[in-house]
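Step one of this worksheet: look at the structure below.
The values are calculated or read from the model by the stated rules, or taken from the named source; none is laboratory data. Keep in mind it's a predicted model, so treat the numbers as computed, not measured. Cβ sites come from the backbone with ideal geometry, for glycine too, and all protein chains shown count toward neighbours. Side chains included, ligands, DNA and RNA excluded: accessible areas come from the protein's heavy atoms. Shrake-Rupley method; radii C 1.70, N 1.55, O 1.52, S 1.80 Å.
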Amino acid sequence: MKKLLLIAVALFSLTVFAQTSGGPGPYGYTWVNTDHATNPAVYNWIDIEAVENYVDGLGDDNIVGPFNISPSFNYFWYSVDKIYIGSNGYIGFKPIQVSSPFPTMPTNSFSKNNFIAGFMCDLNFAPDTTTIAPGGITANPARCYFADFSTQTVISYVNVPFWTDPNTNPIQGQEWAGFNTFQIVLNKLDSTITINYKDRDITVPTNGNDIEVGIQSKVGSFGLQQSSGIYFDAFSTGGMPNAIRFDLPTNPGAITDVAVDWNDNIENKGIFLSADGADYTLKTNVLNEGNTVFNGASVISNLSPQFAPPAVSNNATLNPLNSGEDTTFVFTNKFQPLSTVLGPHTFLTMLSGATGDMDPTNNTLEQEIVVVDTTQSTINLTYAHTPGGGSINWSGGNGGIAVYFEPPFYPALIKSTNFFIESNAGASGFCAKIYDDDGPNGSAGTLIDSVCYNSFQISAPANNLVPTASPDTIFSGGVYVLWYMSGPNIALGKDVTPPISGQTYEVLSNFWATYRDVENEDFFISVDIEKLPLADDIGVTSIVNPANGSILSSSQNVEVIIENFGNNATTSFDVSYQFNSGTIVTETISNPISSGSTYNHVFSTPIGPMSIGSPSAQLCSWTSYTPDPNSVNNQSCNTINAPTTGLNEQNVSNIFIYPNPTTGKLFLENLPKENIKIIITDVRGKTIYQSDKPIGKTIDISTFTDGVYQIKIEGKDWVWNKKLIKQ
């Protein structure tokens, strides 16, 4: 379905498609069609149109899946064993949603990759409005089938029409026209990809001639486009039926590529934190996307308020990774969410020194973190903060936008929702709906609230507050808040200024899908909640000893702080700890803890020492209390380091620099008497100063631009880091 953005659209005319082959692409794939003189693609339609192969759930601009492939299929330099089927004529090897305007291949989008575009255009499986209205006489003929065999995998699109604007379509109210029949065949024996084009209604065009055919790897710079803006009846001089075949290169060579895969959570989606609450631990995952060993790089991770210098910075070393291998960094320096700096923050991770990396576009990744004041009687949750980003509506008035919200505390009472309406030229209404996340894999499930407003109740341009029909309390997870149009030409405001949450969805004719531009846009949808106290709620708020980031060179007793968040005093409960995946140690607390009070507990069983040079480990402690329904605040974790051979912890901790902030000269004290290296980097990880053999204890940084830097001092077996401010 077409989204309306009130922008000019360039029109172009189709040209006759005369090529019979193409490529090689960046990786070495080539393609041929049925007209190729020496090695033509052979059209061979495989009939899989059986009830047991029918694919249900496709609609307008959505995906279904995954469907398993066994054995797996070799695609580019890796193998795939799952397929997601897109309603717009493509299959993906990850859950991506691709809608108009469709990307060319190679793509420049980090999120839209790893797919095969058989006939990627604005297709529509959803039933038209006349079918579901009284007296409807037509039905969408679209069908899709999937079959997996030992030698091949086949996906067939049968009689799938183009989406059309129901306001302009000759059949009033119908959102489709024409038909297209084609199939994608993955040959597991020779790794070829054949697309068979059987038949189409040549009298009906697609929306804006927005058509793409090609293949795209999981890395943005590796793909091969066969055609753009061409209908498949023109793929061969003989017309239909015809075929295109993509051939895997026989000797592609080494592909070096490493990527920041996610920050905080595997989907890299935005989260909310309570101001002045518990410290937040930064976590980042790095993945070797290439087909050869990656030799390592530096990892720089910053968390910054929007338009401000970093509030916390971390540096780490990425060791060599084998092909397909990943590693997760749990950083030592934690973020303190402050009530003095509310609103959006950017969790930014960058790779520096990634030598030989063929696709640097995935070396940087951002995540949105929003700090909210949870002491207010009404707490507003939103990912949109910067106005002026334009607006969105759906042609025909039959579409909507949803945002997923997971509060930073439980239980949370949902009081109202908010929608900033930029304009309402169509004098239309909208409905505000709230869904539980109890659907498959956490998707929108049970409808828990619905309120519809008529046009006279709506202000524009303005925020529109919609009280819930029946306030609902959530004790875990989150909710989807949906804005759904009740007619044409009503527009919802959007935010295009980073950071972006990745928590947005589009809903067309009741079919849900990830929003097509999820990595670049947020929407002015928010939810108002209240914080409800629990009768019984207790948890470990912090681990006092060993401290986070400390070196465990000798045995130490674990000391934790336990807090009673509930209204009732506790009676008897268990507290446990586990160090480095070892044995869980559990002890019982018999002393009652009154509401709002804390209690320091020292375990009788010590931990450590850690072996010299061993990797960092996690120490986690948590409570177990049967009446407590809230598990979110039960646990706290620290990262503990092992001693090194070059310098003991005490000597490293004695290093200090002053003045900080500084206007020019920087003095260093208590430097160890050994060979050291001093490196100063900016917030982007670029080295500004480096000295392998420093002379004296003074560094002049008066020529540096005012801002935040990182100073690192390295010895034989140790590293010392500090944030440095030049002003």
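A residue that is over 22 Å from the mean Cα position of the chain (by Cα), in a loop (DSSP other than H, G, I, E, B) and farther than 30 Å from THR639 by Cα occurs somewhere in the range 505-513. Restricting attention to the range 427-440, the residues being touching a strand residue (DSSP E or B) at 6+ places or on another chain (Cβ under 6 Å) and open to solvent by 30 Å² or more (accessible area, probe 1.4 Å) number 3.
Total residues in the range 362-378 satisfying the condition of being surrounded by 15 or more Cβ atoms within 10 Å (Cβ to Cβ) and not aliphatic (A, V, I, L, M): the figure is 7. For the range 289-392, the strands (runs of 3 or more DSSP E) that sit wholly inside it and include 2 or more residues that are of a type in the set (D, E, K, R) are 364-372. Taken together, the residues in the range 152-189 that are at pLDDT below 95, farther than 15 Å from THR203 by Cβ and aromatic (Phe, Trp, Tyr) amount to 1. Among the residues of the range 283-298, none qualifies, meaning not one is within 28 Å of SER339 (Cα to Cα) and aliphatic (A, V, I, L, M). Would you confirm whether any residue within the range 583-603 is assigned to a loop (DSSP other than H, G, I, E, B), under 36 Å from the mean Cα position of the chain (by Cα) and modelled with pLDDT of 90 or more? Yes, the conditions are met somewhere in the range 583-603.
Look at the range 496-509: where a residue is touching a residue at least 40 places away in the same chain (Cβ under 8 Å) and among the polar types (S, T, N, Q) and a partner is open to solvent by 10 Å² or more (accessible area, probe 1.4 Å) and in a strand (DSSP E or B), sitting 6+ places away or on another chain with Cβ atoms under 7 Å, you get GLN503/TYR404. Out of VAL602, VAL575, VAL558, one residue alone is over 30 Å from LEU482 (Cβ atoms), surrounded by fewer than 16 Cβ atoms within 10 Å (Cβ to Cβ) and in contact (Cβ under 8 Å) with a residue 24 or more places away in the chain. It is VAL602. Taking the criterion of being surrounded by 23 or more Cβ atoms within 10 Å (Cβ to Cβ), among the β-branched types (Val, Ile, Thr) and not in a strand (DSSP E or B), no residue of the range 78-96 qualifies.
Going by what's in this entry, would ILE458 be described as touching a residue at least 12 places away in the same chain (Cβ under 8 Å), open to solvent by less than 30 Å² (accessible area, probe 1.4 Å) and over 28 Å from PHE409 (Cβ atoms)?
Yes.
Of all residues in the range 578-599, those satisfying the criterion of being within 19 Å of ALA642 (Cα to Cα), open to solvent by less than 70 Å² (accessible area, probe 1.4 Å) and free of Cβ contacts under 8 Å to residues at least 60 places away in the same chain are GLN578, GLY582. With the requirement that a residue be more than 20 Å from THR250 (Cβ to Cβ) and open to solvent by 40 Å² or more (accessible area, probe 1.4 Å), what does the range 186-206 give you? LYS198, ASP199, ILE202, THR203, PRO205, listed by residue number. Looking only at residues in the range 114-151 that are closer than 26 Å to ASN393 by Cα and outside any loop (DSSP other than H, G, I, E, B), the one that is modelled with the lowest pLDDT is ILE132. Just one of the listed residues (ILE490, ILE500, ILE529, ILE525) is in contact with a helix residue (DSSP H, G or I) (Cβ under 9 Å, 6 or more places away or on another chain), of a type in the set (A, V, I, L, M) and surrounded by 22 or more Cβ atoms within 10 Å (Cβ to Cβ), and it is ILE490.
Let's see how each residue does on (1) at pLDDT 90 or above; (2) open to solvent by less than 40 Å² (accessible area, probe 1.4 Å); (3) β-branched (Val, Ile, Thr); (4) within 25 Å of TRP720 (Cα to Cα):
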position	(1), (2), (3), (4)
ILE612	no, no, yes, yes
PRO615	no, no, no, yes
LEU619	yes, yes, no, yes
SER631	no, no, no, no
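Residues in the range 228-263 that are open to solvent by 10 Å² or more (accessible area, probe 1.4 Å) and in a strand (DSSP E or B): SER228, ARG245, ASP247, ASP261, TRP262. For the range 38-66, a residue qualifies if it is of a type in the set (A, V, I, L, M, F, W, C), within 21 Å of GLY214 (Cα to Cα) and at pLDDT below 95, and the qualifying residues are ILE63, VAL64.
Got at least one residue in the range 56-76 being open to solvent by 10 Å² or more (accessible area, probe 1.4 Å), among the charged types (D, E, K, R) and either touching a strand residue (DSSP E or B) at 6+ places or on another chain (Cβ under 7 Å) or within 25 Å of GLY324 (Cβ to Cβ) (or both)? Within the range 56-76, none of the residues are open to solvent by 10 Å² or more (accessible area, probe 1.4 Å), among the charged types (D, E, K, R) and either touching a strand residue (DSSP E or B) at 6+ places or on another chain (Cβ under 7 Å) or within 25 Å of GLY324 (Cβ to Cβ) (or both). Total residues in the range 441-455 satisfying the condition of being in contact (Cβ under 8 Å) with a residue 24 or more places away in the chain, within 14 Å of THR417 (Cβ to Cβ) and open to solvent by 70 Å² or more (accessible area, probe 1.4 Å): the figure is 1.
Among the residues of the range 683-713, those identified as open to solvent by less than 70 Å² (accessible area, probe 1.4 Å), at negative phi and not in a strand (DSSP E or B) are VAL683, PRO694, ILE701, SER702, PHE704. Taking residues in the range 58-69 that are without any contact (Cβ under 8 Å) to a residue 60 or more places away in the chain, and partners anywhere that are among the aliphatic types (A, V, I, L, M), the pairs with Cβ atoms closer than 7 Å and at least 6 places apart or on different chains are VAL64/VAL55; VAL64/LEU58; VAL64/ILE85; GLY65/ILE83; GLY65/ILE85; PRO66/ILE83. Answer with yes or no whether ALA316 is open to solvent by 40 Å² or more (accessible area, probe 1.4 Å) and not β-branched (Val, Ile, Thr). Here the answer is no, as ALA316 does not meet what is asked. Scanning the range 521-555 for residues that are within 15 Å of SER621 (Cα to Cα) and either of a type in the set (Val, Ile, Thr) or modelled with pLDDT under 90 (or both) yields ILE538, VAL540, THR541, SER542, ILE543, VAL544, ASN545, PRO546, ALA547, ASN548.
Return the residue satisfying two criteria in turn: it lies in the range 637-656 and is open to solvent by 20 Å² or more (accessible area, probe 1.4 Å) and at pLDDT 80 or above, and of such residues it is nearest to SER553 (Cα to Cα). Ranking the candidates gives ASN641 first.
Can you say whether PRO24 is in a strand (DSSP E or B) and out of contact with any His (no Cβ under 7 Å at 6 or more places or on another chain), as far as the supplied structure shows? When the stated conditions are applied, PRO24 does not pass them. Is it the case that the range 476-485 has a residue that's in contact (Cβ under 8 Å) with a residue 24 or more places away in the chain, over 16 Å from LEU447 (Cβ atoms), open to solvent by 10 Å² or more (accessible area, probe 1.4 Å) and of a type in the set (Gly, Ala, Ser)? Within the range 476-485, one or more residues are in contact (Cβ under 8 Å) with a residue 24 or more places away in the chain, over 16 Å from LEU447 (Cβ atoms), open to solvent by 10 Å² or more (accessible area, probe 1.4 Å) and of a type in the set (Gly, Ala, Ser).
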